[in-house]
2 protein chains.
Amino acid sequence: MADRDLTLRVDLASDLPVYRQIVSALRALLVAGDLRAGSLLPSVRELALDLGVHHNTVAEAYRILAEEGWLDLRRRRGALVLDRHQPRPEPEAREGFRRRLGELVAEARSRGLQNRTLVAELRKLAEGLNGGGT
Amino acid sequence: MADRDLTLRVDLASDLPVYRQIVSALRALLVAGDLRAGSLLPSVRELALDLGVHHNTVAEAYRILAEEGWLDLRRRRGALVLDRHQPRPEPEAREGFRRRLGELVAEARSRGLQNRTLVAELRKLAEGLNGGGT
DNA sequence: GCAACTGTACACTGTACATGTACAATATAC
DNA sequence: GTATATTGTACATGTACAGTGTACAGTTGC
């Protein structure tokens, strides 16, 4: 049994694989602190049933997060959230982020979103991060 | 022959398919206005040789951008950049952008990038967009 | 020890990516 | 006008990956 109910959604029609969507969504919660160290995630079967996918798909997502140091997986107990030390960033990490950010914005503009909308979202997120420390 | 030399790079080791990397990179140039209407992109074989991939891979990328309305493809003439009308954004576009933006930041933080670094990048991009009109 | 529940391993199927190859269309040279 | 070169396109193929079905292994609680 998990400590809390997660509100995750996956898009089966998306071009991104489901297990990667799960990883992204969970990591966002972990980074934001919505999932604190000591919490237990739902079991692979529980979450799989909730999302409508196979439990091995969820297990793959858990395994990736465990490799990244976010989770500790053990049979019968479940997925425990760890307090993860911040790794040293790679040299190219920043420019890689900048490039992907630019591409994300380009795609959004290509979908018709206005510049001022994007600017508002970017600034709002920046504000939120700024108050979050580190 | 193309009007200009493109500076694109693809990462064959990436988990993202090459044709999608090409789409993202070209779309970023198109949205930014670095590729103006009336320009001719390099031929599929030219660009493929430059990137070290098969010309059909580049063709697939061109085809996607053509479907989005960015390019007009014709045999023997090449890929012509169109002046694309801004489509009406879908209702979920904004929250979809917000979610993906959040996940991108989460992944960056997970890689060790500091909050202030991310804030700086977000604000810099917002500044750039703000001056760009629309 | 038994039972129930956990994550894990592995074979299997469908699908997507990238390619090799051949073809169709068209601008250019003559 | 015709030949030719160069363009984008169509399609079959090899390969790898995503997702699933099924069975197994480990751990907790009785």
| Inter-copy label distances at A:ARG36 (7 Å, Cα→Cβ; nm, one decimal) | 5.7
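Sort A:ARG123, A:ARG74, A:ARG9 by Cβ crowding within 10 Å, fewest neighbours at the top. Before the final figure, lay out each step's value.
Numbers: A:ARG123 17, A:ARG74 8, A:ARG9 11.
If I rank by nearby Cβ atoms, fewest first, I get A:ARG74, A:ARG9, A:ARG123.
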| Between B:ASN130 and B:LEU82, how many nm apart are label points set 7 Å from Cα along the C-beta direction? | 3.4
| remark: proj_area_mean for the range B:18-81 (convex hull on C-alpha atoms), units nm², value 3.8
| said: Can you give me the angle between helix B:115-131 and the longest principal axis of chain B, using Cα atoms only, in degrees from 0 to 90, rounded to the nearest 10? | reply: 50
| Most exposed first by the Cβ proxy, i.e. fewest other Cβ within 10 Å, how do A:GLU90, B:GLU60 rank? | A:GLU90, B:GLU60
| request: For B:ARG20, go 7 angstrom from Cα along the Cα-to-Cβ vector, then report the distances to that same point in the other copies in nm, smallest first. | output: 0.4
| Calculated from backbone phi, Karplus (6.51, -1.76, 1.60) coupling profile of the range B:106-112 in Hz, x at Gly/Pro | 4, 5, 5, 5, 5, 7, x
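Give the order of B:THR117, B:THR7 when sorted by the count of other beta carbons within 10 angstrom, beginning with the fewest.
Starting with the residue having the fewest Cβ neighbours, the order is B:THR7, B:THR117.
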| query | Which Cβ of chain A lies nearest the axis of the rotation superposing A onto B, and at what whole-Å distance? | reply | A:LEU122, 2
| query | Where the Cα atoms of chain B are projected onto their three principal axes, how long is each span, largest first, in whole Å? | reply | 49, 35, 26
| For the range A:78-83, in order, what is each residue's ³J(HN,Hα) by Karplus, 6.51 cos²θ - 1.76 cosθ + 1.60 with θ = phi - 60°, in whole Hz (x at glycine and Pro)? | x, 9, 9, 7, 9, 8
| query | Okay, helix-only estimate at 222 nm for the protein assembly as shown: each DSSP H run of n ≥ 4 adds -39500 (n - 2.57), divide by all residues, round to 500 deg cm²/dmol; what do you get? | reply | -17000 deg cm²/dmol
| message | Per residue of the range B:47-54, what does 6.51 cos²θ - 1.76 cosθ + 1.60 with θ = phi - 60° give for ³J(HN,Hα)? Whole Hz please, x for Gly and Pro, Karplus curve as stated. | response | 5, 4, 4, 5, 8, x, 10, 7
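Would you mind working out the magnitude of the charge dipole of chain A relative to its Cα centre, with +1 at each Lys and Arg C-beta and -1 at each Asp and Glu C-beta, to the nearest 20 Debye?
Details: 22 positive and 19 negative charges, 24 e Å.
I would put it at about 120 debye.
I need the fraction of alpha carbon pairs in the protein assembly as shown separated by more than 26 Å, rounded to a whole percent. Don't jump to the answer; show the numbers that get you there.
Numbers: 17681 of 35778 pairs.
Counting pairs separated by more than 26 Å, the tail of P(r) holds 49 percent.
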| remark: Given backbone amide H placed at 1.01 Å from N, residues whose amide H is under 5 Å from that of A:SER39, ignoring those fewer than 5 places away on the same chain, are A:VAL81
| task | Shortest first and in nm with one decimal, please list how far the A:GLY69 label point sits from its counterparts in the other copies (point 7 Å along Cα→Cβ). | result | 4.6
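FYI, it's all coordinate maths here, none of it is from the lab. These numbers were taken from a predicted model, which means no experiment stands behind them. Cβ: placed from backbone, ideal geometry, glycine included. Neighbour counts: every protein chain shown.
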